[in-house]
1. Assuming ARG210 fulfils every condition listed in (1) touching a Leu at 6+ places or on another chain (Cβ under 6 Å); (2) surrounded by fewer than 22 Cβ atoms within 10 Å (Cβ to Cβ) apart from one, which condition is it?
2. Could you check the stretch 1-24 and list, in sequence order, the residues that are under 14 Å from TYR64 (Cα atoms), surrounded by fewer than 18 Cβ atoms within 10 Å (Cβ to Cβ) and of a type outside the set (D, E, K, R)?
3. Can you name the strands (runs of 3 or more DSSP E) wholly within the stretch 71-185 that have at least 2 residues being of a type in the set (D, E, K, R)?
4. Only one of these is among the hydrophobic types (A, V, I, L, M, F, W, C), under 22 Å from VAL174 (Cα atoms) and within 15 Å of the chain's Cα centre (by Cα): ALA96, ALA37, ALA49. Name it.
5. Looking at TYR125, TYR64, TYR55, TYR77, can you tell me which residue is among the hydroxyl-bearing types (Ser, Thr, Tyr), buried (at least 16 other Cβ atoms within 10 Å of the Cβ) and over 26 Å from LEU230 (Cβ atoms)?
6. Among VAL222, VAL174, VAL249, which is the only one that is under 22 Å from the mean Cα position of the chain (by Cα), surrounded by 15 or more Cβ atoms within 10 Å (Cβ to Cβ) and within 16 Å of THR135 (Cα to Cα)?
7. Among the strands (runs of 3 or more DSSP E) contained in the stretch 201-262, which hold 3 or more residues that are modelled with pLDDT of 95 or more and out of contact with any Asp or Glu (no Cβ under 8 Å at 6 or more places or on another chain)?
Amino acid sequence: MNVYIMTDIEGISGIYCREQVLPDMRRFGEGRELMTADVNACAAGLKAAGADRIYVRDCHGGSYTILEEKVSDDVDYLVCGATGSDRFPGLEDCGAVILLGYHAMAGTAGAILEHSMSSATVQNYWINGVKSGETGIDAGICGERGVPVIMVSGDDKLCAEARRFIPGVYSAEVKKGITCFGGMLLPPAKARRLIADTAEEAYRHAADIRPLVWDNPVSFRVEVTERSQLPSALGKPYMTVIDGRTYEVTGDSMAEAFFRSL
């Protein structure tokens, strides 16, 4: 079976501050190294369990985070750059997904670098009335294509969030959040062993985890931050303005609803 690793950076082991995740900050190079090391550990665990091919998508920011020349030979394909309206190019070749380095949804108390897609513009998301973050969105996009998320990695708040949405999902808790910008982190070697061991175990039990499928049609409600503007509803019959900071779109799938919300 082929496996798709979708990466973000805020939940990567060793990450706890803005300077490690933003390209114009002095510690971004460190963040890139840490992400690449977690990817390699995850891929090693999957290959040890018998995975055939491993696809890795660099999905943080503008897809320029992973250090391509330091990616191990366990990875078969890197998905980089703009991917249009397909959030998971190549997913049709894979039987399982891992959300590596994910973070808790916006507003989660004590979660490291919590947000939902954009801390600058998005206050909250709701999917079919359920407050959700990126884990619920991405697991839903994969799930409606018949592919389960079998593992996540991140802090303790992210892992708990993932278990609420995906019963039976395996989680590599590489840190415990204390505040948005601080936590208790596993040392690098221990964190990477945990990621590799969890990936191996998740792969061996992938058949036990069901895809997350949201009821259709999907309603996707967005509350923007205080100084952000709502998108124009002109020419968008699927969009309803709720109030000055909140709007809702509908779609026949999670993917359609999500991309209509942007």
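1. (1)
2. LEU22, PRO23
3. 170-179
4. From the options ALA96, ALA37, ALA49, the qualifying one is ALA96.
5. TYR55
6. VAL222
7. In the stretch 201-262, the matching strands (runs of 3 or more DSSP E) lie at 246-251.
The values are calculated or read from the model by the stated rules, or taken from the named source; none is laboratory data. Just so it is clear, the model here is predicted, and its values are computed rather than measured. Cβ: placed from backbone, ideal geometry, glycine included. Neighbour counts: every protein chain shown.
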